[in-house]
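Trainee: Handing you a structure now.
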Amino acid sequence: AQRVTQPEKLLSVFKGAPVELKCNYSYSGSPELFWYVQYSRQRLQLLLRHISRESIKGFTADLNKGETSFHLKKPFAQEEDSAMYYCALLYNFNKFYFGSGTKLNVKP
Amino acid sequence: DAMVIQNPRYQVTQFGKPVTLSCSQTLNHNVMYWYQQKSSQAPKLLFHYYDKDFNNEADTPDNFQSRRPNTSFCFLDIRSPGLGDAAMYLCATSRDTASGARYEQYFGPGTRLTVT
């Protein structure tokens with residue numbers, strides 16, 4: 001069975017500090033992983049996907065199959081990064097399994 | 001400009017009284033999803049439509065049903081809501097992975113259901 005674990009419910013950092021939001025997954029197939037973000041009073045939206053190997057708003061995430069991880073990183077956090085972040089696993093072609101989310105609070 | 005629309009945004013229903021939540025999309029995506037999200041929990045997939053094909057998750061209660069009369073609309077019916085069904089219900093759309101498209105789900109704002 002597939003599973004996504006985000007061990008931290010809340011992560012607080014100061015502006016300018018590095019941030020890492022952890023995500024671990026369990027899946028017997030070939031994983032496709034995503035990070036979704038929900039800013040205050042906004043809808044859930046895609047931040048980035050591992051297959052694109054892109055950097056969005058300064059965030060990057062590398063899929064580590066050995067450690068079954070897909071941690072989200074940003075070297076210098078900004079106050080506008082404060083939001084709820086969800087790691088998600090695509091399985092069975094069209095289904096998504098979401099982690100329980102990490103609330104990132106960037107303090108001034 | 002909204003691409004995935006959910007109505008109503010807030011719904012109050014009585015215990016046991018059937019309720020229908022609505023989702024519409026302007027993206028012409030062939031896959032539509034319904035998620036249930038309880039407080040501080042992950043969005044949980046209830047079911048999804050791939051075109052007209054309905055795909056139910058094994059652990060979705062029978063109390064939850066869905067209809068998709070056309071590409072643009074999808075409905076979530078809760079036949080006999082219980083107190084435990086109070087949650088945010090999220091609708092999302094995507095193009096299917098077989099199309100080769102860069103896969104992304106577009107979410108609606110959600111409907112918050114209260115059961116009294």
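Trainee: Filter the stretch A:94-105 down to the residues that are in a strand (DSSP E or B) and open to solvent by 10 Å² or more (accessible area, probe 1.4 Å) and list them by number. Give the derivation first.
Mentor: Residues of the stretch A:94-105 that are in a strand (DSSP E or B), as a first pass: A:95-98, A:102-105.
The answer is A:Lys95, A:Tyr97, A:Lys103, A:Asn105.
Trainee: In addition: If we only count strands (runs of 3 or more DSSP E) wholly inside the stretch A:9-93, which ones have 2 or more residues that are among the aliphatic types (A, V, I, L, M) and more than 14 Å from chain B (Cβ to nearest Cβ)? Walk me through it before giving the result.
Mentor: Values: elements: A:10-14, A:19-21, A:24-26, A:32-38, A:45-49, A:72-74, A:83-91.
Passing ranges, in order: A:10-14, A:19-21.
Trainee: Here is a follow-up. Please note which strands (runs of 3 or more DSSP E) are completely contained in the stretch B:11-58 and include at least 1 residues that are closer than 20 Å to A:Gln6 by Cβ and not aliphatic (A, V, I, L, M).
Mentor: Result: B:31-37, B:44-50.
Trainee: I need a count of the residues in the stretch A:21-44 that are surrounded by 14 or more Cβ atoms within 10 Å (Cβ to Cβ) and under 19 Å from A:Glu79 (Cα atoms).
Mentor: 7
Table: residues versus (1) open to solvent by 60 Å² or more (accessible area, probe 1.4 Å); (2) of a type outside the set (Gly, Ala, Ser); (3) at pLDDT 95 or above.
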site: B:Glu57; (1), (2), (3): no, yes, no
site: B:Thr60; (1), (2), (3): no, yes, yes
site: B:Ser66; (1), (2), (3): no, no, yes
site: B:Ile78; (1), (2), (3): no, yes, yes
site: B:Asp85; (1), (2), (3): no, yes, yes
site: B:Gln105; (1), (2), (3): no, yes, no
site: B:Val115; (1), (2), (3): no, yes, yes
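Trainee: When you look at B:Ala92, is it facing another protein chain (nearest Cβ under 10 Å), outside any loop (DSSP other than H, G, I, E, B) and either open to solvent by 60 Å² or more (accessible area, probe 1.4 Å) or at pLDDT below 95 (or both), yes or no?
Mentor: No: the conditions fail for B:Ala92.
Trainee: I need every pair where a residue in the stretch B:43-72 that is touching a residue at least 24 places away in the same chain (Cβ under 8 Å) has its Cβ under 7 Å from the Cβ of a residue that is open to solvent by 80 Å² or more (accessible area, probe 1.4 Å) and part of a strand (DSSP E or B), sequence separation at least 6 or different chains.
Mentor: B:Ser66/B:Phe54
The values are calculated or read from the model by the stated rules, or taken from the named source; none is laboratory data. Since the structure is predicted, the reported quantities are computational estimates derived from the model, not experimental observations. Here the Cβ is made from the backbone with ideal geometry for all residues, glycine too, and neighbour counts use every protein chain on show. Side chains are part of the model used for accessible areas, which takes the heavy atoms of the whole protein and leaves out ligands, DNA and RNA. Shrake-Rupley method; radii C 1.70, N 1.55, O 1.52, S 1.80 Å.
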